[in-house]
Every structure is written in C-alpha cells, then in structure tokens.
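*Asks:* Would you mind keeping the following structure in view while I ask a few things?
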Amino acid sequence: LLLADVNRIITPSICLLSWKGGDWTIEDQFKKNVDGIITWGGEDMAASYAKNLAPNVKLIQHGPKISFHVISKSQESDMSDSFFDNIVRDIYMWDQSACANSQNLFIEFGTDINKFIKGLELAFERVTCSRGDLSGDEYTEIIKDYQLGLYEEFKTGNKVSQGKDFLICYDSSLSLTPSALNRSVKIKEFVNIDELSAMLAVFKMYLQTCGLVVSHQERGHYIDALD
C-alpha cells in the first residue's frame with residue numbers, strides 16, 4: 001500500500017487490526033460503528049456479517065472463488081520444464097489459500113494426459129519450499145481426493161500422482177470442482193472451448209482467475225469464449 005500511495009493520501013487514514021474470526025465482541029462493535037463493510041471468504045462468513053446489520057451500513061460481499069487453467073492441445077510440443085514450473089507456481093503459492101490459485105486444469109482432448117501429469121509431478125518435486133502443516137480436516141479432504149483419483153485411474157488409465165507435498169488427480173467430469181487445496185489439483189479434459197465456456201458460465205459468480213495457455217492464433221477466440 002505504501003508503494004502505491006506515494007503521496008500518502010490514503011495511508012494515514014488506514015488502520016490494520018487482526019483478531020480471531022467469530023469473535024462477536026469485536027465484530028459486533030465494528031458492525032455498529034462503521035459506514036461500510038467489505039468481506040472476502042466463504043459463504044458462512046459472508047452470511048454472518050449480513051446478519052443483524054444496521055440499515056445504514058453498506059455491505060459488499062465477495063464470497064468463495066475458484067481459479068483454473070485452460071490449456072490447448074497446440075501447446076503439447078512446447079511443454080518444457082519452465083512451462084510446468086509456471087503452472088505449478090500458480091498452484092502452490094500460499095498453498096492454495098488464495099482465490100487466485102488454480103484448482104482445476106482444463107486440458108484440450110487429444111493431449112497426452114499421463115505425460116502432462118508426469119511433467120506436472122516433476123515440477124512439483126522441483127519446488128524448494130515445503131507445504132504448511134495440515135489439520136485433520138485438511139488431511140481428510142486430501143485422502144478423499146486421492147481415493148477418487150484412484151477410482152478415475154481404474155476407469156481411465158490416467159494415473160493419480162501423490163508426492164510429499166502435492167496431489168494430482170484426473171477427473172473425467174467436465175465441471176468446475178474445488179480441489180482439496182494444499183497443493184491439490186484436478187486435471188480435466190474438454191473437447192472444444194465453446195463447450196467449456198458453456199459449462200463455466202453456470203459458475204460465473206464463483207470464477208476468479210483463468211490461466212490461459214494457448215497459441216497466438218487461438219488466443220482471441222479463447223478470450224472471447226471465456227469472457
């Protein structure tokens with residue numbers, strides 16, 4: 001903020017406070033004594049701030065969001081180490097606690113999926129920082145995704161890959177599906193961009209960021225379809 005507010009117009013009026021979520025002694029005081037509230041987070045948190053809110057307080061809610069990648073078959077010949085490193089960086093930063101982290105990778109049908117998963121696996125293994133500590137609930141979600149991944153491997157032959165700090169699963173359904181987070185990602189296939197766009201349109205209010213990896217010739221059509 002200091003770098004952006006070079007003339008110190010806004011910064012002197014800003015105060016940052018930290019407290020444990022759900023502390024109503026603090027949160028009720030805020031709700032009674034402010035003109036507006038902006039929330040980022042899950043549906044339960046957003047609903048809790050809307051409850052018993054004074055009529056004069058403006059509430060702007062940003063609910064749960066999900067990000068994804070779209071990768072066309074034209075890029076298969078350019079899948080170098082740096083190609084996979086860049087995708088993995090979008091996945092592992094902040095251990096997927098940020099909405100901008102990809103959870104689903106949509107790969108155009110005809111791409112060698114097992115080769116893609118192997119390249120992604122090697123890129124995860126090149127990451128030098130370890131995953132953060134996990135809670136029991138987080139471990140449970142990862143185990144659940146892993147078991148579903150094993151079922152997909154049995155059905156399709158597309159291998160599930162689990163390392164010390166990551167999980168890569170194939171998912172044969174063309175849908176937007178939250179992953180278990182903490183460096184867990186789901187690989188999905190699409191036949192054409194218009195089909196994918198129609199599916200994503202249903203989830204429009206939950207979409208955050210799309211990492212687009214296509215050829216220069218395809219870029220305009222893909223951007224228009226995903227807009």
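The values are calculated or read from the model by the stated rules, or taken from the named source; none is laboratory data. All figures in this text were calculated on a predicted structure; none of them were measured in a lab. Because the Cβ atoms are built from the backbone with ideal geometry, glycine has one as well, and the counts that use them run over all protein chains shown. What goes into the accessible areas is simple: the full protein's heavy atoms, side chains included, and nothing from ligands, DNA or RNA. Shrake-Rupley method; radii C 1.70, N 1.55, O 1.52, S 1.80 Å.
*Asks:* Carbon-plus-sulfur fraction of the accessible area of segment 80-227, 1.4 Å probe, in percent?
*Replies:* Carbon and sulfur together cover 54 percent of it.
*Asks:* Once Lys and Arg get +1 and Asp and Glu get -1 on their Cβ, which of Ser97, Phe68, Gly22 lies farthest toward the positive end of the dipole of segment 20-98?
*Replies:* Value: Gly22.
*Asks:* Return the Rg/Rh value of segment 49-143, two decimal places, where both radii are evaluated on C-alpha atoms and Rh is the Kirkwood radius.
*Replies:* 1.13
*Asks:* In deg cm²/dmol and to the nearest 500, what is the mean residue ellipticity at 222 nm of the chain if only DSSP H runs of at least 4 residues count, each as -39500 (n - 2.57), divided by the residue total?
*Replies:* Helix-only estimate at 222 nm: -11500 deg cm²/dmol.
*Asks:* Roughly how big is segment 102-190's charge dipole about its Cα centre, with Cβ charges of +1 (Lys, Arg) and -1 (Asp, Glu), in debye to the nearest 20?
*Replies:* 200 debye
*Asks:* Quick one: which of 53-65, 101-113 comes out on top by average Cβ neighbours within 10 Å, and what's the full order, highest first?
*Replies:* Descending mean neighbour count gives 101-113, 53-65.
*Asks:* Amide H of Ser184: which non-local residues (sequence gap of 5 or more, or other chain) have their own amide H closer than 5 Å, using H built in the peptide plane?
*Replies:* Hits under the 5 Å cutoff: Leu167.
*Asks:* For segment 1-139, report the accessible area per residue in Å² (1.4 Å probe, heavy atoms, rounded to an integer).
*Replies:* 63 Å²
*Asks:* Please report, largest first and rounded to whole Å, the three semi-axes of the ellipsoid equivalent to the chain, where each semi-axis is the square root of five times an eigenvalue of the C-alpha gyration tensor.
*Replies:* Semi-axes (√(5λ), whole Å): 36, 21, 19.
*Asks:* Return, for the Cα atoms of segment 154-227, the radius of gyration and Dmax in Å, separated by a comma.
*Replies:* 14.1, 39
*Asks:* OK, next. Computed over the Cα atoms, what is the radius of gyration of segment 120-194 divided by 2.2 N^0.38 Å, N being its residue count?
*Replies:* In units of the globular-protein estimate, segment 120-194 measures up at 1.14.
*Asks:* Still on this model: With unit charges on the beta carbon (Lys/Arg positive, Asp/Glu negative), name the residue among Leu3, Phe190, Val88 whose Cα is farthest towards the positive pole of the charge dipole of the chain.
*Replies:* Looking along the dipole axis, the top candidate is Leu3.
*Asks:* Which of Lys164/Lys188; Lys159/Lys188; Lys31/Lys65; Lys115/Lys159 have a Cα-Cα distance over 19 Å?
*Replies:* Violating the 19 Å Cα-Cα cut-off are Lys164/Lys188; Lys31/Lys65.
*Asks:* Compute the separation of the alpha-carbon centres of segment 47-83 and segment 95-120 and state it in Å as a whole number.
*Replies:* 16 Å
*Asks:* Output the peptides 17-28, 172-183, 198-209 sorted from most to least packed, where packing is the average of other Cβ atoms within 10 Å over each peptide's residues.
*Replies:* Most protected by this proxy first, the peptides run 172-183, 198-209, 17-28.
*Asks:* Then there is this: With contacts defined as alpha carbon pairs under 8 Å and 6 or more residues apart, what's the relative contact order of the chain in percent?
*Replies:* Relative contact order of the chain: 22 percent.
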